[in-house]
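Undergrad: Attaching a single structure in structure tokens format; questions to follow.
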Amino acid sequence: MPSPSDRVESVCVYCGSSNDADPAFLSSAYAIGAEIAKAGLTFVYGGGGVGLMGASARGAHDAGGRVLGIIPDFLQGREQPFDDVETIVVTSMHERKMMMFDRSDAFVVLPGGIGTLEEVVELLSWQRLGLHACPVVFYNPRGFWDPLFELLHHTIREKLSPPEFANSWRSVDTVEALIPAVLAMGADLAGARTNPDVADLT
């Protein structure tokens, strides 16, 4: 699992793999991939060449960034690996998710379906359990993730999650704000680790 670091060097992107997604989401995904590459960060993703997944990887690749894809063998036909980048083929979804997690210092969540939702809920759960202290930032165009945020805050209001759980993620609604938010959250988390007087962000 990722070890605490004061510096973000790689970003894992979780997002949808449907080509039927809103074209605006697809173009934003491409732009986000490019922004990650321009920031000098390694782009880690699920290895597919379709949907927002493929668009974001192409954006990073076209901008000259290092891209690492990780895909299960049984999904190669459905998600069509992006052959122009380094891709590791694994045997299961569990192995894919664990390797993506291990290779990343921060996590970005773009619009997606049930697979993306599964990934981010697990990520927030692991953060809540103290298994990582990495930035988690949502790209939230048109309030796409607002229903999830409302559910998470509902668990806090019902005292099923502690109030500090609300600090486990950040949200932005523009492409330009995403990388600054990732780096700022990373700096805040690093400060919390080195200064015991700073509130625990995990």
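Undergrad: For the range 138-153, indicate whether the set of residues that are within 17 Å of V44 (Cα to Cα) and in contact with a Phe, Trp or Tyr (Cβ under 7 Å, 6 or more places away or on another chain) is non-empty.
TA: yes
Undergrad: Something else about it: Among the residues of the range 91-139 satisfying the criterion of being of a type in the set (K, R) and touching a helix residue (DSSP H, G or I) at 6+ places or on another chain (Cβ under 9 Å), which is most open to solvent (accessible area, probe 1.4 Å)?
TA: First pass over the range 91-139, keeping only residues of a type in the set (K, R): 96-97, 103, 128.
Subset that is touching a helix residue (DSSP H, G or I) at 6+ places or on another chain (Cβ under 9 Å): 96-97, 128.
Values: R96: 9, K97: 21, R128: 113 Å².
Filtering the range 91-139 for residues that are of a type in the set (K, R) and touching a helix residue (DSSP H, G or I) at 6+ places or on another chain (Cβ under 9 Å), the one most open to solvent (accessible area, probe 1.4 Å) comes out as R128.
Undergrad: Does V13 qualify as being within 21 Å of D188 (Cα to Cα), in contact with an Asp or Glu (Cβ under 6 Å, 6 or more places away or on another chain) and of a type in the set (V, I, T)? Break it down into steps so the answer makes sense when it comes.
TA: Numbers: within 21 Å of D188 (Cα to Cα): yes; in contact with an Asp or Glu (Cβ under 6 Å, 6 or more places away or on another chain): no; of a type in the set (V, I, T): yes.
When the stated conditions are applied, V13 does not pass them.
Undergrad: Same structure, new question: Within the range 98-145, can you find the residues that are among the aliphatic types (A, V, I, L, M) and over 23 Å from A184 (Cβ atoms)?
TA: Listed by number, the residues that qualify are M98, M99, I114, L117, V121, L129.
Undergrad: Now for a different question. So if I check each of A192, A181, A187, which one is surrounded by 17 or more Cβ atoms within 10 Å (Cβ to Cβ) and at pLDDT below 95?
TA: On the way: A181 fails: at pLDDT below 95; A187 fails: surrounded by 17 or more Cβ atoms within 10 Å (Cβ to Cβ).
Testing whether each residue is surrounded by 17 or more Cβ atoms within 10 Å (Cβ to Cβ) and at pLDDT below 95 leaves just A192.
The values are calculated or read from the model by the stated rules, or taken from the named source; none is laboratory data. Note that the structure is a prediction, hence the values are computed from the model and not measured. With ideal geometry, Cβ positions are generated from the backbone for all residues, glycine too; neighbour counts draw on all protein chains shown. Only protein heavy atoms, including side chains, enter the accessible area calculation; ligands, DNA and RNA are left aside. Shrake-Rupley method; radii C 1.70, N 1.55, O 1.52, S 1.80 Å.
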